[in-house]
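Working notes for the structure below.
The values are calculated or read from the model by the stated rules, or taken from the named source; none is laboratory data. No experiment lies behind these values; they were computed from the predicted model shown. Don't worry about glycine lacking a Cβ; one is built from the backbone with ideal geometry, like all the others, and counts go over all protein chains shown. Heavy atoms of the whole protein, side chains included, go into the accessibility calculation; ligands, DNA and RNA do not. Shrake-Rupley method; radii C 1.70, N 1.55, O 1.52, S 1.80 Å.
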Amino acid sequence: MLNVAIHSSRVVLPSVITDATVICSNGKIVEILNGASCPRGFQYQEMFDAVLMPGLIDAHVHVNEPGRTEWEGIATASRAALAGGITTIIDMPLNASPVTTTVEAFNKKMASMKASGLHCNIGFWGGIVPGNANAIEPLIKAGVLGFKAFLTHSGIDEFPNANISDLEKAMSLIARHGLPLLVHAELENDLILPEQTNPQSYSQYLASRPTAWENNAIDVLIKLSAKYKCKTHIVHLSSAEALAAIKSAKTNGVPISVETAPHYIFFNAEDIPDGNTLYKCAPPIRQRQNNEQLRHALNSGLIDFVATDHSPATPGLKGIGTGNYKTAWGGIASLQYLLPATYTAMKPLEPPLTKITKWLCSSPAKLAGLQATKGMIAVGADADLMAWMPEDNYVIQAAATYHRYPIGPYIGKDVFGKVLGTWIAGKRVYDNEKGFSENEGQFIFNKEHV
Ligand SMILES: [Zn+2]
């Protein structure tokens, strides 16, 4: 049995930061002692004044295994997660191939990942596509934590977007089981868009995915969520114009929640050069004034949390060297940088560490139904932990990036927040000086899993 006592002068408990020792036994937190302390038979680990937090949970990751492991894959994604202080990721039903829209595909995905090496914990979102309503309940029995649908083209032909009647069918079923439906909220309307005459122009790319599409989708989703009492989660919100509708829906008790991604609060369109497709994602990164409103909405709690939408691709697909925003893959590889990107973007608003823990640990745990055991340092919770130094300032290096391809807009950026260590079930799985301890990850299922 693994018995460890981890001390830090800045342990983040749900409502207070304190000098404490977290006592872990058999994978669980069994006691929290004041100050530095080590019960007999426990191995003592001293983290000094590093911040000790619950392991981060990234609820929006595209691992792309099986079928597109040349883009990423669990072995590289889960190592990058550990280096970023992330102990649990929740995988999207695309861009793996086959997509996770049947139990058969789900089993194939798990078998492939198990064989490749599972270095962090992983749970799964199932997929809603036209015509797969009868796969919903079998997928719930198989253990998915909820479902994901698109209202616009997903980027992958194997994962067509749902129409409203598909969503209605899915929502009534999903609501019965208390699971969430996550939706990529862009819905084309009759707006006439300017033509993209210069494929290298960022401003033309930005204009091709207007806020009106997001606002339109969110209005529809709020109505459906209220009608079916289905927990509905807006992924990667980029349009600040939709915040008013979200606020009024939440005030009226509609079960809606929302995440944004680090790139929508870290970068601004004004700073994105033409021809640099590393910044391409959908919805796009918008202007500073819009993003300032997103930052404030996160700070006030209107936006529930941050998830990376880690969506890697090969350098070729990412359009490096072409500068073509029309043809490049839309997606940003960012898993490892969830914490420093979010923290650096929000630092001017001086959020307390308890708030950062909410954004990156307890709120994503709640969306996935894992709040009883994950996302907090508390007696009885899983001993999934991470330690970091908010004050440490550095430049993100390709050589220290563990994604399959160390490319993306964060490379070379100046950030605050260095991850020193990560623990899964009480075992140190990442040490920024000594490296990794591998294969400690577990699959995570919902409560109805049989
Ligand atoms: Zn995504």
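Taking the DSSP beta bridges in segment 307-450 as the whole, what percent of them are antiparallel, to the nearest 5?
95 percent
Ordering 202, 402, 369 by the projection of their Cα atoms onto the charge dipole of the chain, which places +1 on the Cβ of Lys and Arg and -1 on the Cβ of Asp and Glu, puts 369 at the extreme positive end.
How many percent of Cα pairs in segment 346-413 exceed 16 Å?
Result: 63 percent of Cα pairs exceed 16 Å.
Could you estimate the translational diffusion coefficient of segment 1-50 from the Stokes-Einstein equation, with Rh from the Kirkwood formula over C-alpha pairs, at 20 °C and 1.002 mPa s, in whole µm²/s? Display every interim value, and only then the final one.
Working: Rh = 10.7 Å.
My calculation gives 200 µm²/s for D.
Using 0.36 nm per residue and subtracting the Cα-Cα separation, the extra length available between residue 449 and residue 271 on full extension is 59.5 nm. Modelled spin labels at residue 46 and residue 431, positioned 7 Å past Cα toward Cβ, are 1.5 nm from each other. Distance from the alpha carbon centroid of segment 250-286 to that of segment 37-88 works out to 24 angstrom.
Note on exposure: 99, 16 ranked by accessible area (1.4 Å probe, complete protein assembly) read 16, 99, with the most exposed listed first.
Looking at segment 1-111 alone, DSSP beta bridges between its own residues are antiparallel in about 60 percent of cases.
Note on the chain: with a GNM built from Cα contacts shorter than 10 Å, the maximum mean-square fluctuation among 184, 233, 153 falls on 153.
Summarising the strand pairing of the chain, around 50 percent of its internal DSSP beta bridges are antiparallel. Cβ-Cβ distance of residue 197 and residue 163, R₀ of 25 Å, FRET efficiency by 1/(1 + (r/R0)^6): the value works out to about 0.20.
Springs between Cα atoms under 10 Å define the GNM used for the chain, and in it the highest mean-square fluctuation of 127, 408, 316 occurs at 316. Computed from the Kirkwood radius of its Cα pairs, the Stokes-Einstein diffusion coefficient for segment 373-450 at 4 °C and 1.567 mPa s stands at 87 µm²/s. Measuring nothing but protein heavy atoms, the accessible surface of the chain at 1.4 Å probe radius is 52 percent carbon and sulfur. With unit charges on the beta carbons (Lys and Arg positive, Asp and Glu negative) and the dipole taken about the Cα centre of the chain, which residue among 296, 269, 449 sits farthest to the positive side? Working it through, the farthest residue towards the positive pole turns out to be 449. Tell me whether segment 77-218 comes out rounded, prolate or oblate; compute the Cα gyration tensor, take square roots of the eigenvalues as a ≥ b ≥ c, and use a/c under 1.5 as the rounded threshold. Oblate, because a/c is 1.5 or more while a/b does not exceed b/c. For the pair residue 247 and residue 37, a Förster radius of 51 Å applied to the C-beta separation gives a FRET efficiency near 0.70, rounded to the nearest 0.05. Rounded to the nearest 10 square angstrom, residue 102 shows an accessible area of 60 square angstrom against a 1.4 Å probe.
How big is the dipole moment of segment 220-358 about its Cα centre under a simple scheme where the beta carbon of each Lys and Arg is +1, that of each Asp and Glu is -1, and everything else is neutral? Debye, nearest 20, please.
Numbers: 15 positive and 9 negative charges, 109 e Å.
Approximately 520 debye in magnitude.
Dipole size of the chain about its Cα centre, with +1 on Lys/Arg Cβ and -1 on Asp/Glu Cβ: approximately 800 debye, rounded to the nearest 20. Length gained on full extension, residue 394 to residue 299: 31.8 nm, using 0.36 nm per residue less the C-alpha separation. Solvent-accessible area per residue in the chain equals 37 Å², computed with a 1.4 angstrom probe and all protein chains kept.
With R₀ set to 30 Å, the beta-carbon distance separating residue 156 from residue 438 gives a calculated FRET efficiency near 0.55. Expressed per residue, the C-alpha convex hull volume of segment 25-110 stands at 137 Å³. Ranking 423, 329 from most to least accessible surface, computed with a 1.4 Å probe over the protein chains only, gives 329, 423. Comparing 151, 317, 353 in a Gaussian network model of the chain (Cα springs below 10 Å), the most mobile by mean-square fluctuation is 317.
Residues with beta-carbon under 13 Å from that of residue 448, excluding residue 448: net charge, scoring Lys, Arg +1 and Asp, Glu -1?
+2
Per the Debye calculation on segment 300-392 with a single equal scatterer at every Cα and no solvent contribution, log₁₀ I(q)/I(0) for q = 0.16, 0.17 Å⁻¹ amounts to -0.80, -0.86. Each Cα pair under 8 Å and six or more residues apart adds its sequence gap; the mean of these over the residue count of the chain is a relative contact order of 22 percent. If a/c stays under 1.5 just call it rounded; otherwise compare a/b with b/c (prolate if a/b is bigger, oblate if not). Do that for segment 157-211, with a ≥ b ≥ c from the square roots of the Cα gyration tensor eigenvalues. Here segment 157-211 falls in the prolate category. With the simple spin-label model, which puts each label point 7 Å out from Cα in the Cβ direction, the residue 190 to residue 1 separation comes to 6.9 nm. Please label the shape of segment 312-450 as rounded, prolate or oblate, based on the square roots a ≥ b ≥ c of the eigenvalues of the alpha-carbon gyration tensor (a/c under 1.5 means rounded; beyond that, a/b larger than b/c means prolate, else oblate). Taking the square roots of the gyration eigenvalues as a ≥ b ≥ c, segment 312-450 is prolate. Annotation: average projected area of the chain is 19.7 square nanometres, based on the convex hull of Cα atoms across all directions. For the chain, the mean residue ellipticity at 222 nm estimated from helices alone is -7500 deg cm²/dmol, where every DSSP H run of n ≥ 4 contributes -39500 (n - 2.57) and the total is divided by all residues, rounded to the nearest 500.
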